[in-house]
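Contents: one structure, followed by commentary.
The values are calculated or read from the model by the stated rules, or taken from the named source; none is laboratory data. Predicted, not measured: the structure shown is a model, and the values here were computed from it. In this analysis, Cβ positions are derived from the backbone assuming ideal geometry, glycine residues included, and neighbour counts consider all displayed protein chains.
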Amino acid sequence: MADHQFQPETLAIHAGQVPDAATGARALPIYQTSSFVFDSADHAASLFNLQTFGNVYSRLSNPTVAALEERVAALEGGRAGLASASGMASEAMALMTILQQGDHVVAAGALYGGSVTMLAVNLKRFGIDTTFVDATEPAAFAAAMQPNTRAVFAESLGNPSLTVLDIAAVADVAHAHGVPLIVDNTVPSPFLCNPLRFGADVVVHSATKYLGGHGTTLGGVMVEAGTFPWDNGKFPGMTEPSPGYHGVKFYETFGDFGFSMRARMEVLRVYGACLSPFSAWQILQGTESLHVRMERHCSNARKVAQFLKDDARVSWVSYPGLPDHPQYDLVQRQMRSVDGLPGASGLLAFGIQGGLEAGVRFIEAAQFMSHLANIGDTRTLIIHPASTTHRQLEPEQQIKAGVMPDMVRMSVGIEHIDDILWDIDQALRAGTRS
Amino acid sequence: MNTLDQLSRILSRSQTIAVVGLSAEWHRPSFFASKYMQDHSYRIVPVNPRYAKTGTDVLGEHCYADLADIPFAVDMVDVFRRSEDVLPIARQAIAMGARCLWQQIGVVNEEADQLVRQAGMDSVMNRCVKIEHGRLFGGLNLVGVSTGIISAKRRLTKA
């Protein structure tokens, strides 16, 4: 077997899955089993002690799920991956692996609504405070750091604000304070952006979105870079004997995948938000075509953004792939180019003349664009965030999260571009009819 | 840097591994790695004066105080010691006819590396024998680690 640096297109199809050792099956088998037999009492003891690699129970690890973990880790250029039941579970897992009562998080204000709620409400209940800052200002992250700050959390491409994180600059801020930068990379997908290459330490994904792509299956994946120095004195849980796992020192024992192992044994195993093997298999069917789909999502979204920008019925358009986006330079620097232009993913936002009411009429008039709360599907999806995904937030939190009252969010699908533009046009006609 | 082929060959042809600095404490990395290799049919030969002094076996094997005390041939010398302590171990490894000097993760002695290569031995630095075995022959992938293995052949399950 020769050493070779494989491209993302090849990794999307092959990484994490060689033909099954037992049967020679070329496609990935679905190991739909709760548990795995031990060869002997000694083998069982070695497995429980983590002295040998192997499977015990599918809440901890499963060969089908492991294929997804390795594939996303490879696509992100990371050391190890860990899958879970949803993107929210992956985000919770990344944070709960290192945070404890009395700790503090600096987070981008422009986050998916569920992430804001997790930090501002749910983790707060456990004594973990979060300061939300302007995601476009690395200096704002620096200003919010406290002695008890233990993580910085942001989205590479904000949903639905479409603000772009200067990953290298914010990673520098985090590292200057000895804490990791955790980046939600769901919107670009690992094909368009790899935050670890710009200095992020951990990436989380909702695999429900572009990784799966078909809108059938929920899942999440967390990937660690393997380069963060967990022995810098701020993370005793990584270096001291684990009271939750009979004295294992995760960083010393597992080194550059110690964070993932601790997440697996102390969070996934304990809180139980594991991914089903069947779900992992379904997500992997989508991942195999990630690169082809993302190119089409990008080119379709760019055409939709331009169409909306040129249309008098539309009051504003936000799409990071348009040269007038305030962070276009950063998009060019951080994201893969598609057809010679920055691949800015399939997500865009706009407001319609006539404001909120016109927006609601537009959504209701759509013929095949689906009104639902998801993104990253092959289908074009539309939603009014202020009244749905970000409904739990106070109005000022909504503005902080980049959600304007009249905002329509569109996840541009991979249908024929002429048909998408046709549906937008006829819905705009209905929306702006007074 | 060792290629996949080199690592695979080293692990396939080694049967007996002298582990210098092996701890008898079950939660130490040296014990983890050696227990794993033992579970995968390698013979582990503990080398640690601390246990040799009291005649304490480690992993069910007689523990020697020094590499030079081992009365039979070993294929690999696996080093869990500080980088600056490796050179004399490398000299002993050459003298006893070992075929590979393996310096564990965090152990990097370039001089020792040069020395054993000049003696015609294989040399590995800053890698874990357990992790490389699990990467090449299966197991490491089960905990989501990116193995870098892209292949349309069945994974060999035994070294």
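From A:Thr208, A:Thr186, grab the single residue that is of a type in the set (Ser, Thr, Tyr), in contact with a helix residue (DSSP H, G or I) (Cβ under 7 Å, 6 or more places away or on another chain), under 21 Å from A:Thr130 (Cβ atoms) and more than 14 Å from chain B (Cβ to nearest Cβ).
A:Thr186
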Checked pairs for the range B:113-128, first among the hydroxyl-bearing types (Ser, Thr, Tyr), second at pLDDT 95 or above, C-beta under 6 Å and 6 or more apart or across chains, list as B:Ser123/B:Leu101; B:Ser123/B:Asp113; B:Ser123/B:Val116; B:Ser123/B:Arg117
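From the list A:Ala386, A:Ala430, which residue is within 15 Å of A:Gly114 (Cα to Cα), more than 20 Å from the chain's Cα centre (by Cα) and in a helix (DSSP H, G or I)?
Values: A:Ala430 fails: within 15 Å of A:Gly114 (Cα to Cα).
A:Ala386 is the lone residue from the list that is within 15 Å of A:Gly114 (Cα to Cα), more than 20 Å from the chain's Cα centre (by Cα) and in a helix (DSSP H, G or I).
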The residue that is farthest from A:Thr186 (Cα to Cα), considering only those in the range A:363-378 that are crowded, with 21+ Cβ neighbours inside 10 Å and under 16 Å from the mean Cα position of the chain (by Cα), is A:Asp377
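Any idea which residue in the range A:134-164 is nearest to A:Ala373 (Cα to Cα), counting only those that are in a loop (DSSP other than H, G, I, E, B) and in contact with a helix residue (DSSP H, G or I) (Cβ under 8 Å, 6 or more places away or on another chain)? Write out each step before concluding.
Going residue by residue through the range A:134-164, those that are in a loop (DSSP other than H, G, I, E, B) are A:134-137, A:145-148, A:156, A:158-163.
Right, trim to in contact with a helix residue (DSSP H, G or I) (Cβ under 8 Å, 6 or more places away or on another chain) and you get A:134, A:145, A:156, A:160.
Values: A:Asp134: 25, A:Met145: 33, A:Ser156: 20, A:Pro160: 12 Å.
Top of the filtered list is A:Pro160.
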The residue from A:Gly346, A:Gly355, A:Gly431 that alone is out of contact with any helix residue (DSSP H, G or I) (no Cβ under 7 Å at 6 or more places or on another chain) and small (Gly, Ala, Ser) is A:Gly355
Residue hits (the range B:33-61; within 14 Å of chain A (Cβ to nearest Cβ) and over 16 Å from the mean Cα position of the chain (by Cα)) are B:Gly60
query = Yes or no: A:Leu192 assigned by TED's automatic domain parsing to the domain that holds A:Val133, within 16 Å of the chain's Cα centre (by Cα), farther than 25 Å from B:Asn141 by Cβ and crowded, with 24+ Cβ neighbours inside 10 Å?
reply = yes
**Asked** Taking the condition more than 9 Å from chain B (Cβ to nearest Cβ) and touching a residue at least 24 places away in the same chain (Cβ under 8 Å), does A:Ala27 pass?
**Response** no
Of the residues in the range B:127-147 that are more than 8 Å from chain A (Cβ to nearest Cβ) and either of a type in the set (Lys, Arg) or part of a loop (DSSP other than H, G, I, E, B) (or both), the one that is farthest from A:Val56 (Cα to Cα) is B:Arg127
Selection over the range A:35-62 where residues are within 11 Å of chain B (Cβ to nearest Cβ) and of a type in the set (A, V, I, L, M) yields a count of 5
Cβ pairs under 7 Å, 6+ apart or interchain, first in the range B:37-65 and part of a strand (DSSP E or B), second surrounded by 19 or more Cβ atoms within 10 Å (Cβ to Cβ) and of a type in the set (Gly, Ala, Ser), ordered by first then second residue, are B:Ile44/B:Ser34; B:Val45/B:Ala18; B:Val47/B:Ala18
Considering only helices (runs of 4 or more DSSP H) wholly within the range A:213-280, the ones with at least 1 residues that are touching a residue at least 60 places away in the same chain (Cβ under 8 Å), basic (Lys, Arg) and over 15 Å from A:Leu68 (Cβ atoms) are A:258-262
Next on the checklist: One residue is enough: does the range A:69-77 have a residue meeting the conditions farther than 20 Å from A:Pro277 by Cα, surrounded by fewer than 23 Cβ atoms within 10 Å (Cβ to Cβ) and without any contact (Cβ under 8 Å) to a residue 12 or more places away in the chain?
Outcome noted: no
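What tally of residues in the range A:325-362 results from selecting those that are crowded, with 20+ Cβ neighbours inside 10 Å and on the phi < 0 side of the Ramachandran plot?
Let us first name the residues in the range A:325-362 that are crowded, with 20+ Cβ neighbours inside 10 Å, namely A:325, A:330-331, A:334-335, A:338, A:342-352, A:358-359, A:362.
Now drop any that are not on the phi < 0 side of the Ramachandran plot, which leaves A:325, A:330-331, A:334-335, A:338, A:342-344, A:346-352, A:358-359, A:362.
Residues in the range A:325-362 being crowded, with 20+ Cβ neighbours inside 10 Å and on the phi < 0 side of the Ramachandran plot: 19 in total.
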Just one listed residue, out of B:Val107, B:Val124, is crowded, with 19+ Cβ neighbours inside 10 Å, away from chain A (no Cβ under 14 Å) and touching a strand residue (DSSP E or B) at 6+ places or on another chain (Cβ under 9 Å), and it is B:Val124
Original post:
Quick one: would you say A:Asp20 is more than 8 Å from chain B (Cβ to nearest Cβ), modelled with pLDDT under 95 and assigned to a loop (DSSP other than H, G, I, E, B)?
Top reply: no
- prompt: What about A:Ala207, is it closer than 17 Å to A:Ala263 by Cβ and surrounded by 24 or more Cβ atoms within 10 Å (Cβ to Cβ)?
  reply: yes
Task: Hey, A:Val105 buried (at least 21 other Cβ atoms within 10 Å of the Cβ), farther than 14 Å from A:Ile182 by Cβ and not hydroxyl-bearing (Ser, Thr, Tyr) or not - done: no
_Being among the charged types (D, E, K, R) and either under 21 Å from A:His205 (Cα atoms) or not assigned by TED's automatic domain parsing to the domain that holds A:Ala200 (or both) is the requirement here; does A:Arg150 meet it?_
yes
